[in-house]
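Structure first, commentary second.
Throughout, read-outs are computed from the coordinates displayed, never taken from laboratory work. All values reported here derive from a predicted model rather than from experimental measurement. Ideal geometry is used to build each Cβ from the backbone, glycine not excepted, and the neighbour counts take in all protein chains shown.
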Amino acid sequence: MSEFGKTLARLTATIDARRGADPKASWSARLLSDRPLAAKKLAEEALEAALASIQDDRDAVIAESADLVYHWLVVLAAAGVTLDEVAAKLDERDGVSGIAEKASRKK
């Protein structure tokens, strides 16, 4: 398993362990208990990562990407979606042109 995969597994387990914890004591618990806040933070971090990329700020891209991945994992956990389900969707799309896949979606 890649280092990224190990980190995702560890972070996912930590987020799962925070479910039901005191939202005043844990940022993960707070986000898990407030899905609109979690979604807002995910969007904010995605924008910050994109802007860092445009600004060609490598260190900021790394830092904002870490924030983005964390908030993405929280949103997945809050929605009851597993990484395996996301992987299955990616596998389903493997070998399909992104343009063709997008065109096949229902409008």
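Here are some notes:
- Total residues in the range 59-90, condition exposed (fewer than 10 other Cβ atoms within 10 Å of the Cβ) and farther than 21 Å from ALA39 by Cα: 2
- Listed by position, the helices (runs of 4 or more DSSP H) contained in the range 16-83 that have at least 1 residues being on the phi > 0 side of the Ramachandran plot and in contact with a helix residue (DSSP H, G or I) (Cβ under 7 Å, 6 or more places away or on another chain) form an empty set.
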